[in-house]
Amino acid sequence: MLVDMPVAQESSANEPFRNTLELTPNLETIRRNRLLEPGLVGVVAEGFRMLRTQVTQRMQQRGWNTLAVLAATAGDGATTVALNLAMAISADPKRSALLVDFNLRHPGVAAALSIPGEPGVEQCLMNEYRIPEVFVRIKGYDHLMIAPAAAPVAQSSELLASEKARNLVADLKTRRERFARVRKE
């Protein structure tokens, strides 16, 4: 799930993600996994900038701020597309992106970035962690926040269909709205 939000003009103590862990990306891992490097240079980056523009325009026309990136089977590239699109959205000076790895059957965001997946979004769904404890920022992608999944979950469909999942998504949208309000002030 990607959440598109206006970018912060300045930080505030009321910011809902203010204590987020910030990690330094391993550029070799970024390149090996075909992810966009900080600064978004190159032909692939240009393609994702164009995709970003088309997607965000359509989302804005419809009043949407949430996007799901799905694949029919494992290995189809949904993680790569979701990460690159989130990176491209966050590179727009007017936007930020929040990426949540809800692929609980085959989580891949943490591995693709070589970041710790622990704690993960599935642990929020099981009430083991609160959502602010899960988010990480990656240096060089200043307006991108990521909530990775830690490990595959056996009953992922049931967990994602649960009231806890609906509440988590509602919480994320509320945080996004508060974040956008704080950024405008």
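Observations, loosely collected:
- The number of residues in segment 103-154 being small (G, A, S) and part of a loop (DSSP other than H, G, I, E, B) comes to 9.
- With respect to the conditions (1) at positive phi; (2) open to solvent by less than 40 Å² (accessible area, probe 1.4 Å), T79 lacks only one, and its number is (1).
- Checked against the criterion of being at pLDDT 90 or above and not β-branched (V, I, T), the candidates L85, L23, L27, L70 yield just one match: L85.
- Within segment 26-55, restricting attention to residues that are among the small types (G, A, S) and in a helix (DSSP H, G or I), the residue that is least open to solvent (accessible area, probe 1.4 Å) is A45.
- Selection status of A165, modelled with pLDDT of 90 or more, open to solvent by less than 30 Å² (accessible area, probe 1.4 Å), over 24 Å from L35 (Cβ atoms) and part of a helix (DSSP H, G or I): yes
- Check on R58, surrounded by 10 or more Cβ atoms within 10 Å (Cβ to Cβ), free of Cβ contacts under 8 Å to residues at least 60 places away in the same chain and basic (K, R): yes
- Considering the conditions (1) open to solvent by 10 Å² or more (accessible area, probe 1.4 Å); (2) among the β-branched types (V, I, T); (3) in contact with a Gly (Cβ under 7 Å, 6 or more places away or on another chain), V134 is excluded by exactly one of them, (1).
- For segment 62-92, the set of residues classified as polar (S, T, N, Q), under 11 Å from the mean Cα position of the chain (by Cα) and either outside any helix (DSSP H, G or I) or within 15 Å of R31 (Cα to Cα) (or both) consists of T66, T79, N84, listed by residue number.
The values are calculated or read from the model by the stated rules, or taken from the named source; none is laboratory data. Please read all numbers here as calculations on a predicted model, not as lab measurements. Every residue, glycine as well, gets a Cβ built from its backbone with ideal geometry; the counts of neighbours run over all protein chains shown. Each accessible area value is taken on the protein alone, full model and side chains, heavy atoms only, with ligands, DNA and RNA left out. Shrake-Rupley method; radii C 1.70, N 1.55, O 1.52, S 1.80 Å.
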